[in-house]
Amino acid sequence: MTTAGTDVSGKDRSQTILDATLAVFAEAGYHKARIEDIAERAGVAKGTIYLYFPSKKELFYALIEEIGLRHLTAMKEALNRTGTLKDRLVTIARESLKLAKVRQNFRGLNVNEVLVCDPIFKKKVIIFREKAIRTIASALAESAGNDRLSRDYYRDAAVAFIGLLHAFDPELTDGSEQEPDMEHLPQRIVSLFLEGFKGV
């Protein structure tokens with residue numbers, strides 16, 4: 001068990017707690033997850049968790065924010081790689097669809113209800129979404145030639161791409177025992193999107 005005397009940075013310990021939180025949420029769901037179980041999984045005292053996160057809700061918020069930041073970083077890295085636009089979008093699609101699997105870990109929690117009840121959390125989600133939209137829109141504009149169409153068009157196209165990804169969420173989160181084809185599904189989604197994009 002980690003103790004106060006162990007040479008572990010606060011950032012590392014916080015990350016360990018978040019990793020443990022995700023694992024416990026996956027096993028028990030949000031409402032049945034206990035701080036005691038998270039502490040045991042993280043190898044820290046229960047009181048240590050409260051030093052970093054005052055409540056289970058704060059743990060949830062921090063976890064969502066950390067996952068979102070990780071996803072946004074992966075998205076930017078994918079778009080900065082060499083290769084075709086399709087290859088880069090497929091990488092983004094694959095990462096986005098992984099998030100749908102992660103959201104299964106929050107079963108029993110109405111995320112939309114949280115968004116309505118907590119304006120601060122809602123603002124964070126909106127900021128993350130806007131960053132994702134701008135990142136994708138910039139890549140689309142660059143691939144097509146920045147002067148070809150208006151900036152609003154590329155933003156709308158980015159929104160459509162993200163919406164198309166979300167449309168496939170039920171296929172990943174319906175509780176089916178059959179695992180989706182994560183190798184080919186992202187390619188099919190991107191091909192469908194690009195057919196419409198290049199047709200303009």
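The values are calculated or read from the model by the stated rules, or taken from the named source; none is laboratory data. It should be emphasised that the depicted structure is a prediction, and the values quoted were computed from it without experimental measurement. FYI the Cβ positions are ideal-geometry reconstructions off the backbone, even for glycines, and counts take in every protein chain you see.
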Quick check: anything in region 83-90 touching a Lys or Arg at 6+ places or on another chain (Cβ under 9 Å), buried (at least 16 other Cβ atoms within 10 Å of the Cβ), within 21 Å of Leu185 (Cβ to Cβ) and β-branched (Val, Ile, Thr)? no
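Residue by residue, here is whether (1) modelled with pLDDT of 85 or more; (2) touching a helix residue (DSSP H, G or I) at 6+ places or on another chain (Cβ under 6 Å); (3) loosely packed, with under 15 Cβ neighbours inside 10 Å; (4) charged (D, E, K, R) holds:
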| site | (1), (2), (3), (4) |
| --- | --- |
| Lys123 | no, no, yes, yes |
| Arg129 | yes, no, yes, yes |
| Ile133 | yes, yes, no, no |
| Ile136 | yes, yes, no, no |
| Ala139 | yes, yes, no, no |
| Asp152 | yes, no, yes, yes |
| Ala157 | yes, yes, no, no |
| Ala160 | yes, no, yes, no |
| Gly163 | yes, no, yes, no |
Quick check on region 88-100. Is at least one of its residues at pLDDT 80 or above, farther than 23 Å from Phe193 by Cβ and not basic (Lys, Arg)? no
List the helices (runs of 4 or more DSSP H) inside region 24-100, counting only whole elements, that have at least 1 residues being of a type in the set (Val, Ile, Thr), in the same structural domain as Ala137 (by TED's automatic domain parsing) and free of Cβ contacts under 8 Å to residues at least 40 places away in the same chain. 56-80
Would you say Gly175 is modelled with pLDDT under 90, farther than 18 Å from Met75 by Cα and assigned to a helix (DSSP H, G or I)? no
Could you count how many residues in region 10-54 are at pLDDT below 85, within 16 Å of Glu66 (Cβ to Cβ) and surrounded by fewer than 17 Cβ atoms within 10 Å (Cβ to Cβ)? 3
